[in-house]
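Structure record follows, encoded as structure tokens.
Each reported figure results from applying straightforward, stated rules to the coordinates on display, with no laboratory input. Note that the structure is a prediction, hence the values are computed from the model and not measured. Because the Cβ atoms are built from the backbone with ideal geometry, glycine has one as well, and the counts that use them run over all protein chains shown.
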Amino acid sequence: MRTPIVAGNWKMNKDLSETKSLLSELVSADVPSNVEIVVAPSFVVLESAVNATSNSTIAVAAQNVNAAANGAFTGETSLNMLGSIGVNLVILGHSERRDIYGETDEIINKKVIQSIEVGFRVIFCFGEQLSERKEGSHFNVVSEQLSLGLKGVTDQQMDQIVLAYEPVWAIGTGETATPEQAQEMHSHIRSFLSDAYSTEVASKVRILYGGSVKPGNAKDLFANPDIDGGLIGGASLVASDFLAIVAAAE
């Protein structure tokens, strides 16, 4: 039985006081014990978030990292820096990193490998554009992103990977894949894992759906057998919405 995960990607939202306020609501809430909860605030408030959640079951993730250990990389953050403040979970491959900042599958793969090697867990994101879905290449696109992004990751290391399928056309648009569309892709992803690794690995890896998940559609999405929770954007910024989504994953 795979433990569901609901992860909130706050993106470039919430200053220090807003972060403390939101986390205070989440920490004090009565949440299901069988759902893993993750929040990914801005870099500048990560240490405060770690401190605020230290006596809770909520995990704190970074939204990105640089694969290099150190050096002349202005504006970047290393895995050692994150580890020094108690963060050991990172989101990699998000569509906004790919589309806005030009991160390639190869760059993302280096980050994935380095993160795993130093003991981090990774939420690895991937997904197709609207044009790719319309032309019917979405399964091939997702398979290629998985193949390139996870290159060199062993069966054992897949224990440190959580996958997050995010159809780019449904991120921040208000559009959402139907539960049937989401399940179809998640089933494809699990088949890919069976072929690339083994049926055992495929059965254990948790696959999240990330595309405009809201309290109103979360239950229908999470009811599918291959959907193990969600990577939540806008709805993670409102405590009541995020907690409703967490409850839907129970």
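Here are the numbers:
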quantity	calculated
Dipole of the chain, positive direction: furthest Cα of Leu193, Phe222, Ser56, with charges on the beta-carbon	Ser56
Highest-first arrangement of 213-221, 187-195, where packing means the average Cβ count within 10 Å	213-221, 187-195
Dipole magnitude (debye, nearest 20) for the chain, charges at Cβ of Lys, Arg, Asp, Glu	320 debye
Gained length - Glu76 relative to Leu148, 0.36 nm times residue gap less alpha-carbon distance	23.6 nm
Packing-based ranking, highest mean first, of 12-18, 127-133, 142-148 given that Cβ atoms within 10 Å are counted	127-133, 142-148, 12-18
Cα convex hull of region 38-124, projected area averaged across orientations, nm²	5.5 nm²
Additional length obtainable on full extension of the chain from Asp220 to Ile85, 0.36 nm per residue less Cα span	44.9 nm
Mean projection area, nm², convex hull over Cα of region 119-231	6.8 nm²
